[in-house]
Amino acid sequence: MTVRPAGKSFRDRIRGGDILLGGFVFSTDPNITEIYAAAGFDFVIIDLEHTMGDMQIAAAHLRAARAAGIEASVRIGRSQLHDVPRLLDAGCKSLMLPHLGLPQYGAEEALRVMRYSPDGERPTCTGVPAAGFGLSPFADYVQRSNQEVAAIGLVEDKICVDTIDEVLAGGLVDCVMPGPGDLSVSYGVHGQFTHPLVKQGLLAVWSGW
């Protein structure tokens with residue numbers, strides 16, 4: 001079972017440059033998340049963008065991760081952007097956001113609703129699971145959540161590569177991850193993950209970060 005470092009949130013570990021081992025979960029079965037934990041992984045990414053998973057399945061994975069002592073990030077797609085507050089209320093502490101730098105995909109909006117005022121625009125309900133069902137001081141939860149919620153931005157488009165400094169200027173993205181599949185499409189070399197254009201784009205992202 002994975003043991004989390006005392007006093008360090010997942011966001012702290014990301015920003016601190018810790019080496020973390022993670023994997024994607026495409027299954028609807030929360031046992032898969034527990035298996036990752038038993039195998040010694042640090043985190044899982046629950047994929048809702050390319051699977052048939054829904055909010056209840058995501059919540060089941062989040063509960064399994066919490067019980068097994070492993071971190072869980074939820075990868076959302078365009079169709080789940082309106083569910084960001086619900087995922088956070090269910091206990092999600094990390095979101096993977098699609099197509100960073102493309103306004104029409106809504107990553108910027110998601111970043112705004114990931115934190116409570118004055119740091120963001122997250123809607124408020126004090127009785128949600130993440131806030132202890134209203135049995136603990138809500139103000140303490142707000143402060144903790146605003147400090148601990150992590151944003152992972154997916155770089156999947158040439159325009160994001162070309163403007164990476166501008167895209168990251170706000171400081172709300174905690175780390176970036178390349179999406180070579182979409183990058184290859186954006187560069188017009190569909191599915192050629194090792195094409196020089198794709199490699200050049202990936203190197204530009206890492207150097208910009």
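The values are calculated or read from the model by the stated rules, or taken from the named source; none is laboratory data. If you're wondering where the values come from, they're calculated on a predicted model, not measured in any experiment. Cβ: placed from backbone, ideal geometry, glycine included. Neighbour counts: every protein chain shown.
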Taking segment 27-60 and keeping residues assigned to a loop (DSSP other than H, G, I, E, B), in contact with a Ser or Thr (Cβ under 7 Å, 6 or more places away or on another chain) and surrounded by 15 or more Cβ atoms within 10 Å (Cβ to Cβ) leaves PHE41, ASP42, GLY53
With the structure loaded, tell me whether LEU168 is hydrophobic (A, V, I, L, M, F, W, C), in contact (Cβ under 8 Å) with a residue 60 or more places away in the chain and closer than 19 Å to MET114 by Cα or whether it fails that test.
no
It is to be established whether one or more residues within segment 123-131 are under 17 Å from the mean Cα position of the chain (by Cα), surrounded by fewer than 19 Cβ atoms within 10 Å (Cβ to Cβ), without any contact (Cβ under 8 Å) to a residue 40 or more places away in the chain and not in a helix (DSSP H, G or I).
no
Just one of (1) over 19 Å from ALA131 (Cβ atoms); (2) in contact with a helix residue (DSSP H, G or I) (Cβ under 8 Å, 6 or more places away or on another chain) trips up ALA65, so point out which.
(1)
On the basis of being part of a loop (DSSP other than H, G, I, E, B), touching a helix residue (DSSP H, G or I) at 6+ places or on another chain (Cβ under 8 Å), modelled with pLDDT of 95 or more and at positive phi, does GLY91 make the cut?
yes
Going residue by residue through segment 186-194, is there one that turns out to be surrounded by fewer than 16 Cβ atoms within 10 Å (Cβ to Cβ), in contact with a His (Cβ under 6 Å, 6 or more places away or on another chain) and more than 17 Å from HIS99 (Cβ to Cβ)?
yes
